[in-house]
Each structure stands twice: as structure tokens, then as C-alpha cells.
1. Net charge near Leu298, counting Lys/Arg +1 and Asp/Glu -1 over other residues with Cβ under 15 Å of its Cβ?
2. Can you compute 3J(HN,Hα) from phi for each residue in segment 60-68, using the Karplus curve 6.51 cos²θ - 1.76 cosθ + 1.60 with θ = phi - 60°, rounded to whole Hz and x for Gly and Pro?
3. Taking the inverse of the average 1/r across all pairs of different Cα atoms in the chain, what Kirkwood radius in Å do you get?
4. Apply 1/(1 + (r/R0)^6) to the Cβ-Cβ distance of Val210 and Ala161, taking R0 = 45 Å, and write down the FRET efficiency to the nearest 0.05.
5. Report, in debye and to the nearest 20, how large the dipole of the chain comes out about its Cα centre when Lys and Arg carry +1 and Asp and Glu carry -1 on their Cβ.
6. Would you grab the residues whose amide H sits under 5 Å from the one on Ile239? Only those 5+ places off in sequence or on another chain, please, with H modelled 1.01 Å from N.
7. Hey, rough spin-label estimate for Leu8 and Leu172, points 7 angstrom out along Cα→Cβ, what's it come to in nanometres?
8. Taking R0 as 30 Å, what FRET efficiency do you get between Ala307 and Lys25 from their Cβ-Cβ distance, rounded to the nearest 0.05?
Amino acid sequence: MGTKKASLWLPLKALVIRNVKIFMKDKMMVFFSILAPVIVLLLYILFLGKMQTDNIANIIYSTEEFAGLVEKFKGTGEIENAIGLIINNWMIAGVVSVSCITVAFNASTVMVRDRDRGSINDVLAAPIPRWIVYLSYILSTFVITTCVVGGVLVLALTYLAATGGLIMTFGLFMKLLLATVVSILSSSFFMVLIISFIKTESALTSFNSVFSALIGFLTGAYTPVGMLPAPVQYICCFIPGAYSAALFRKIFMDGPISVFGKKLGITGEEVNKLLSDYKVELKFFDLTVSELAMWLVLIGSIVVFGALVLILYSNKKTNFFTARRKRKKAKFSISKPKKAKSK
């Protein structure tokens, strides 16, 4: 029994290392995988963060209910500082959540490359179960995504600490690490499932341009879900990334929201009114999704996506391991001119 397990572990380990090495050899893919979340982070810091802060500040200055608050902190900048504390954490949570999806997408493109170039034929010729090959793509995607997202998370926490916005207990920090692992696992299974339907690298490039533009909005990472049209909000309810983003925001914003209320001396109801468009809660149609439900949705998505991939690869009609056959090179022969017969 132990020998059998070792015989399966060795090819799985070799395939995972192979997939990671293929991804790392593509320097441009690695560069853009890291650059994409960094650009989003910089956009928030330089432009979008100030816009969101001004939006909430305008609500305070234009509402009679907060007239006493405005008079109390007039000219001190405390209102803007307290709002910035909230927005920074809201923004960081969105960047981390969307990075789990976009990096997983880039990491799983090795599967399309193998199929398009016919390299998968060499792998399938080996005397190993096909589920080992399937699992190797999942694990390599998870490993690559964990490394990149881990770097993004360190950068984000460093920024929050430098700006005085890191308000997190040890318990919340451990919950953040667990949420990151679960979100990456969910994204890895989801991306392998989606990419299993893409046959060529050219189709992958076209799909990536559309996917990257939409996923940040559909998960509520770039803009609050409450600001989106109602039909789009309903679509968001069926995307696991939306629950991942909401879970990250619960973790990041738990401390800052309490500090926000104490700093300005306002009640919890008034805080909720101010942050109505930046709600931490996620609604499934009219039902508020609890934190436990968010965890269950992410774990359930791992099981569902894993089962779907297993069904697809085991079905001969939909087997996404079916590779394009290598094209045979045409053979050209030059016939020698016939010698003229002597009379």
C-alpha cells in the first residue's frame, strides 16, 4: 500500500514542479501576474481612494444630521482621516480578493499551452492515472497563486501599517490567512474548470482581455456591489469571488469601523448610514449573507468545481485532456532527372 502511494506521489510531484517551471520560464506572464494587482493597488492609492473618501465626506458635509459633527471637527481634517482609514482597508480587501482570481487564471494557462502545442500527449503517454495529471494542474495553480498573492498581501499590510490603517488582532490575522488559502483554492478549481473549455492560446488571450475587465466589478472588488445595477447584483450572487471579497472586507474592516465610530463620536447606526454604499454585508437577493455562510459558499465551491472538473475529464466526449495532435511535417522529395537512354 505504501509503495503504491509513493508511486503516485512521485509523478504528481514531478508534474507539479514541471508546470511551475513552465510558468516561471514565461517571464512576461510572471511579470504581468504580479503587475496586475500592483497596478490596481496604485490606482486606488493615487486616484480611486481619494474619490471614495470625497464621496463619503460630501455625504457628511451635505447632511443636516451630521451638522454638529462637521462643526466639531471643522478644519481639523479628522473627518477625512477617519474616512481614509475605512477606505484604505476596503480597498486592500478588494485588491487581495481579485488577485486570488486573476493570478489563478494566469497560473492555469499552462494547461492550455500544453494542449495547444500537443505537449499533453507526451504526459498522457506515461503509465500514470489521468487524475494525477488533472490534480497536478490544480496544485501547480494553487502553488503559483499562493506565492504571488502572498507577496501582494505582504505589500498591502505594509502599506496599511505605514499609513496607520492596520487595526487587526492576532485572531483576525489568522482568519485572514485561512480566508486567503480557501479563496485561492476556490479560485484554482474555478479557473481550471473555465480554462478546460479553451482549446487554443489565441482564444485564451481574447478571453483574458474580457475576463480581467469584468471580474473586478462582478466580485465587487473595484466598486461596491450596492452601486451596481440590480440585475448585475443578482449575477454577483452566483460568483464565489464576491463572497471572497465580502469575507476579506469583514476581516479587514472589523477594527477600522469600530475606531471610526469612536474617533468621530457617532453611533453604529450613523456609521452604517454613512457606509451604506460600502456595506461589508453581502445580500443574496434580499437575504443578508452571514460570515458563516460565506465560508460555506467558498468551501462548497471547491467541492462543486472539483466534481465538475472530475466529470469533464472522465467523460470521453468532454475530456479536456484531449490534445491537439502534433502536425506532421510534410516530406518533400526531389526526384532526380532521368537519364536519356542511349540509342
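1. Once all neighbours under 15 Å are counted, the net charge is +2.
2. Listing the rounded values in order: 5, 6, 9, 9, 5, 4, 9, 4, x Hz.
3. Taking every pair of different Cα atoms in the chain, averaging 1/r and inverting gives 22.6 Å.
4. So the FRET efficiency works out to roughly 0.80.
5. I would put it at about 4200 debye.
6. Correct list: empty.
7. About 4.2 nm separates the two model spin labels.
8. 0.40
Each value in this text was obtained by applying a stated rule to the coordinates, not by laboratory testing. Since the structure is predicted, the reported quantities are computational estimates derived from the model, not experimental observations. Neighbour counts are summed over all protein chains in view; Cβ atoms, including those assigned to glycine, are modelled from backbone coordinates with ideal geometry.
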